[in-house]
Amino acid sequence: MTFIAESLSRIKPSPTIAVSNKARELKAAGHDVIGLGAGEPDFDTPDNIKEAAIRAIRAGETKYTAVDGTPALKQAIAGKFKRENGLDYAPSQITVGTGGKQVLYNALMATLNPGDEVLIPTPYWVSYPDMVLLAGGEPRFVEATAETGFKLAPAALDAALGPRTKWLILNSPSNPSGAAYTRDEMKALTDVMMAHAHVWVMTDDMYEHLVYDNFVFSTAAEVEPGLYDRTLTVNGVSKAYAMTGWRIGYAGGPEDLIKAMAKIQSQTTSNPSSISQAAAVEALSGPQGYIAERAAAFKERRDLVVDMLNQAPGIHCHRPEGAFYVYPSCAGLMGKKTPDGKMIESDLDFVTYLLEGAGVACVHGEAFGLSPHFRISYATDSAALREACGRIQRACAELA
Ligand SMILES: Cc1ncc(COP(=O)(O)O)c(C=O)c1O
């Protein structure tokens with residue numbers, strides 16, 4: 001018998017973190033590895049945000065704060081929701097946690113009873129199913145394949161919602177596919193949700209600001225006010241403001257749910273870092289110009305990567321609307337053999353071949369629930385991306 005709780009046997013460690021670690025180890029051992037596994041912007045946090053944090057330290061803002069966020073930060077978040085999403089959330093409807101990750105987890109912990117189901121479109125962000133399992137619920141999946149641009153079809157959603165479904169998780173733009181729903185596409189999904197009154201919507205809008213080609217972001221409660229009372233709108237500063245290490249995420253939603261989430265946080269981690277909260281106030285209320293500048297840089301990289309991958313034999317890469325990921329198919333390479341005679345039978349085999357044979361680290365699609373694909377993060381400089389995609393092209397050409 002093991003000392004470790006049985007519930008832990010239901011979950012696995014984050015496979016994306018595992019890939020980053022493996023790439024880091026190989027690099028440390030002197031191998032020439034280009035890491036395309038990371039889920040964070042390569043840009044630095046803007047100076048005005050850093051300065052706000054330094055000011056907060058000097059001003060002695062170094063004590064516990066209100067459990068789920070300072071009044072100043074809740075005010076800034078309310079302002080952001082109103083300004084950017086047309087959503088009215090009072091401070092009492094807002095919660096702040098240690099990253100979007102904690103906010104999502106709190107919401108699941110606060111709502112799931114044993115046997116409750118959470119519907120997750122595939123491909124999904126790796127943490128959703130395991131968080132649901134940790135919270136005692138059952139993840140259920142519905143496919144959104146490359147044929148629909150990795151977007152959930154309304155009829156598929158309708159068919160997948162069952163009597164035990166408690167939440168639908170929507171993540172647009174998506175990690176890992178980059179797919180983002182237009183307003184019309186979102187409306188078609190919210191129309192379906194309107195007919196299933198027992199199901200709530202958890203929208204993970206973390207990549208809201210990373211959209212390209214004049215794409216207009218929209219979120220469920222904005223598109224369908226009828227869902228406002230059963231939607232949790234989750235967001236954060238990690239991706240938009242290059243603040244992954246600061247650990248601030250937040251959500252707006254019905255007050256009862258927000259209170260229940262704060263109750264969990266009060267008995268686990270208490271408030272997120274006081275300094276990070278001060279920095280997040282500046283991020284959300286200060287100048288916003290760099291968001292567009294950075295999005296322009298990401299768009300260029302997306303186009304570079306998509307174009308080069310589509311020239312690799314056996315790879316097909318859809319051009320997504322947002323985030324900093326692409327999710328190419330490697331179906332055309334299944335059954336081929338590597339130069340040293342190994343058969344490629346899965347996307348895991350393929351990414352292992354890329355890492356060991358070409359020095360490129362990316363994540364296999366199985367980790368995100370849709371195979372045979374792999375995820376490339378283009379949150380790295382163009383020179384490295386060009387080199388990496390060249391290596392992938394050569395590695396694919398060498399398969400026989
Ligand atoms: C889709 C998605 N949601 C949530 C998160 C969590 O972000 P954080 O906890 O840094 O706010 C991530 C981070 O990778 C993500 O990709």
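Stretching Ile54 away from Thr269 to a fully extended chain increases their span by 75.1 nm, per 0.36 nm per residue minus the current alpha-carbon distance.
So what does the Cα-only Debye profile of the stretch 91-205 read at q = 0.10, 0.18, 0.23, 0.24 Å⁻¹, as log10 I(q)/I(0), no solvent term? The computed values of log10 I(q)/I(0) come out as -0.28, -0.93, -1.44, -1.52. In the complete set of protein chains, residue-level accessible area for Thr352 is approximately 50 Å², probe 1.4 angstrom. Largest first, the residues His373, His198 sort by 1.4 Å accessible area into His198, His373. With helices as the sole contributors, the chain gives -12000 deg cm²/dmol at 222 nm; each DSSP H run of n ≥ 4 counts as -39500 (n - 2.57), and the sum is divided by every residue.
Across the protein chains, with a 1.4 Å probe defining accessible surface, the residues Arg24, Arg230 rank Arg24, Arg230 from largest area downward.
GNM remark for the chain: springs join alpha carbons under 10 Å apart, and the peak mean-square fluctuation among Pro13, Pro123, Pro272 falls on Pro13. Cross-link check: pairs Lys151/Lys239; Lys50/Lys239; Lys80/Lys187 evaluated at a Cα-Cα cut-off of 19 Å; pairs beyond the cut-off: Lys151/Lys239; Lys80/Lys187. A cut-off of 5 Å between modelled amide H atoms, ignoring neighbours fewer than 5 places along the same chain, links Ala361 with Ile34, Gly35, Leu36. Shape class of the stretch 1-112 from the Cα gyration tensor (axes a ≥ b ≥ c, square roots of the eigenvalues): oblate, since a/c reaches 1.5 or more and a/b does not exceed b/c. Dipole magnitude for the chain: about 680 debye, using +1 per Lys or Arg Cβ and -1 per Asp or Glu Cβ, origin at the Cα centre. In sequence order, the stretch 232-239 has phi-based couplings of 10, 9, 9, 8, x, 9, 4, 8 Hz under the Karplus curve 6.51 cos²θ - 1.76 cosθ + 1.60, θ = phi - 60°, and Gly or Pro positions carry x.
Calculation over all alpha carbon pairs of the stretch 230-372 in 5 angstrom steps from 0 returns a P(r) of 2, 8, 12, 14, 13, 11, 11, 11, 9, 6, 3, 0 percent. Applying 1/(1 + (r/R0)^6) with R0 = 25 Å to the Cβ-Cβ distance of Val216 and Gln311 gives a FRET efficiency near 0.25. Comparing Cα centroids, the stretch 40-96 and the stretch 307-357 end up 40 angstrom apart. Length gained on full extension, Glu387 to Ala197: 63.4 nm, using 0.36 nm per residue less the C-alpha separation. Glu25 exposes around 130 Å² of accessible area when a 1.4 Å probe is run over every protein chain in place.
Among the protein heavy atoms, those of His364 account for about 30 Å² of accessible surface (1.4 Å probe, every chain in place). Of the residues Trp200, Trp125, the one with the largest accessible area comes first in the ranking Trp200, Trp125, computed with a 1.4 Å probe on protein heavy atoms.
With the cut-off at 1.5 for a/c, could you classify the stretch 326-387 from its C-alpha gyration tensor as rounded, prolate or oblate? Don't jump to the answer; show the numbers that get you there.
Values: a/c = 2.33, a/b = 1.30, b/c = 1.78.
Oblate, since a/c reaches 1.5 and b/c is not below a/b.
Comparing Thr145, Thr244, Thr268, which has the greatest mean-square fluctuation in the GNM of the chain with Cα pairs linked when under 10 Å apart? Fluctuation is largest for Thr268. Label-to-label distance for Ile11 and Ala331 is 3.3 nm, based on points extended 7 Å past Cα in the beta-carbon direction. Put a dot 7 Å past the Cα of Glu300, heading toward its Cβ, do the same for Lys63, and the two dots end up 4.8 nm apart.
Within the stretch 147-299, the proportion of Cα pairs with more than 26 Å between them is 33 percent.
Quick check on the chain: what are the equivalent-ellipsoid semi-axes from the Cα gyration tensor, as sqrt(5λ), descending, whole Å?
Details: eigenvalues 229, 126, 89 Å².
So the three semi-axes of the chain are 34, 25, 21 Å.
Packing-based ranking of 100-111, 291-302 yields 100-111, 291-302, ordered from highest to lowest mean Cβ neighbour count within 10 Å.
Rounded, prolate or oblate: pick one for the stretch 1-62, where a ≥ b ≥ c are the square roots of the eigenvalues of its C-alpha gyration tensor, a/c under 1.5 means rounded, and failing that, prolate if a/b is larger than b/c, else oblate.
Numbers: a/c = 3.06, a/b = 1.39, b/c = 2.21.
Oblate, since a/c reaches 1.5 and b/c is not below a/b.
The values are calculated or read from the model by the stated rules, or taken from the named source; none is laboratory data. Being a predicted model, the structure only gives us computed values, none of them experimental. All Cβ positions, even for glycine, are placed from backbone atoms using ideal geometry, and neighbour counts span all protein chains on display. These accessible areas exclude ligands, DNA and RNA; they are computed on the full protein's heavy atoms, side chains included. Shrake-Rupley method; radii C 1.70, N 1.55, O 1.52, S 1.80 Å.
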